[in-house]
Every structure is written in structure tokens, then in C-alpha cells.
Amino acid sequence: MIKGVIYDMDGVLVDSEPLYHEFEYMFFKNLGANVTIDYFDKYVGCSLENTINGVCADFNINTIPKESIMKIFSKGAELIYSDNPKLHICEGVVDWLEFFKANNYPLIVASSTYREKVEISLERFNLKQYFTNYICGDEVKKAKPDPEIFLKACDELNLKPSECLVIEDSENGIKAAKNAGCLAIGFLNKGKNSQNLALADFVFDTFGKEKLPMLKKILNM
């Protein structure tokens, strides 16, 4: 039986993936990388460090120190979460959060995004009230699909991985959840998400009240 829930943030709580992909594309284009927007699909759910290392290796970007690239990228990406008017929470997500709150399920965020951006996003959309804490990309040594971030989240909840449900939108995130021993829901976001979620135990196209009967069955398995 599930006793706690672990949420990814990007693409699950806030609909940030399209905006983030667009920013990544323009940023690395300006650095001279011959990238496409689809190129970044393989890095969804990965840490910023892993993404930058991969892009720099693939496109031989070596004139600027990676540490400088990370700082500049991070500052630019922060504006997506703080100021971009196109950013909004995923439809129906509050219905689920309210259900979990009403039924005393402890919730925690486990996001590859750095803590500062997680806090900015959740504060902006008044979501901090639902979560006991956050485990973020700058607080783990190994990025998804390694299970470290979810194992830390389980420890924070004082629960076994088998007692935790992970809600994710990326292939790397689902792999990490299953590697940790958690139950995993993959989120398709009305078909906007093109990630391979085949390893998820369950896949939802939308959240919302109409999906709560199925969610209740999953929680009581």
C-alpha cells in the first residue's frame, strides 16, 4: 500500500518543458551547436551538468569553460520560472494535490532542477503548502536515471521505496523511480509529452477529479 508520494516538477507540476526546450535550443544555437529542439529529448529529467557535458561533447564546444556555461544558462533558465507569462501549472494538478492533502499522504518534490528554481516555481503558483520538502538536482551526486534522488526522497519521508508512488513525465525519471523500487505513474500531459514511458506502472494523459477513482485504486494496491 502506498503511504507517500514523490513528485517531479517540470512537466508534472508546472508545464515548463516546452519553454525550457525552446530556451535550451536558442542558448546552444548561440554557442554554435547545430542542435534541433528534438535533440534535447534525451536529456529530459537529467541534471543541468549532464546536459551541458553532453551537448559540449557532441558539438565540440570548448572555447568557454563549462562552469561559465552552467552559470549563464542557469540565470537565463531562472527567468522561465520567475517571469515567463506562458508558464502555468499542469491542468488538474491541484485536484490531486488537494486529494493527497485531505487524505494525509505526505508529499515531496524530487526534481533535477536546482532548488532555487523549484522554490521560485512552487512559490509563484502557491504549491509550497502541499510539500514537506524538496530534493533537488544540486543536492545529489548522480542524476536520473540513477535512483539516488528518489531514494533520498523516500528516506526524507521515512518510508520504504515500495511504499512510495512517483509521478514523472520523463523516461529518465521513470527509470530512476523503478531503479529505486518505487511505483511509478507516467504523465503524458494530454499527449504533449513525447517521452517513452513504457516502464511506468501506470500512464495518465491528464490529472483532474475525473481520474481520482483510478488513482485511489493504485494507492490501495
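The values are calculated or read from the model by the stated rules, or taken from the named source; none is laboratory data. Please read these numbers as outputs of a predicted model, since none were measured by experiment. All Cβ positions, glycine included, derive from the backbone under ideal geometry; neighbour counts span all protein chains shown.
I need the full set of residues from segment 94-122 which are more than 26 Å from Leu215 (Cβ to Cβ), of a type outside the set (Lys, Arg) and without any contact (Cβ under 8 Å) to a residue 40 or more places away in the chain, in order please.
Taking segment 94-122 and keeping what is more than 26 Å from Leu215 (Cβ to Cβ), we get 114-117, 119-120.
Remaining after also requiring of a type outside the set (Lys, Arg): 114, 116, 119-120.
Once the filter is applied, which keeps residues that are more than 26 Å from Leu215 (Cβ to Cβ), of a type outside the set (Lys, Arg) and without any contact (Cβ under 8 Å) to a residue 40 or more places away in the chain, segment 94-122 yields Glu116, Glu119.
Among the residues of segment 178-197, the ones that are over 14 Å from the mean Cα position of the chain (by Cα), touching a residue at least 40 places away in the same chain (Cβ under 8 Å) and surrounded by 15 or more Cβ atoms within 10 Å (Cβ to Cβ) come to 2 in all.
Going by the structure shown, is Glu156 touching a residue at least 40 places away in the same chain (Cβ under 8 Å), surrounded by fewer than 19 Cβ atoms within 10 Å (Cβ to Cβ) and touching a Lys or Arg at 6+ places or on another chain (Cβ under 6 Å)? Can you show your working first?
Numbers: touching a residue at least 40 places away in the same chain (Cβ under 8 Å): yes; surrounded by fewer than 19 Cβ atoms within 10 Å (Cβ to Cβ): yes; touching a Lys or Arg at 6+ places or on another chain (Cβ under 6 Å): no.
Taking the combined requirement at face value, the residue does not satisfy it.
Residues in segment 198-218 that are in contact (Cβ under 8 Å) with a residue 24 or more places away in the chain, in contact with a strand residue (DSSP E or B) (Cβ under 7 Å, 6 or more places away or on another chain) and surrounded by fewer than 17 Cβ atoms within 10 Å (Cβ to Cβ): 2 in all.
Taking the criterion of being modelled with pLDDT of 95 or more and of a type in the set (S, T, N, Q), the only residue of segment 173-194 that qualifies is Asn179. Just the residues that are within 19 Å of Ser111 (Cα to Cα), hydrophobic (A, V, I, L, M, F, W, C) and in a loop (DSSP other than H, G, I, E, B), please, taken from segment 1-56. Matches in segment 1-56: Met9, Val12, Leu13, Val44, Cys46.
Residues in segment 161-169: is at least one charged (D, E, K, R), assigned to a strand (DSSP E or B) and on the phi < 0 side of the Ramachandran plot? Full working, then the answer.
Here is the first cut: in segment 161-169, the residues charged (D, E, K, R) are 163, 168-169.
Right, trim to assigned to a strand (DSSP E or B) and you get 168.
Filter once more, keeping what is on the phi < 0 side of the Ramachandran plot: 168.
Scanning segment 161-169, I find at least one residue that is charged (D, E, K, R), assigned to a strand (DSSP E or B) and on the phi < 0 side of the Ramachandran plot, so the answer is yes.
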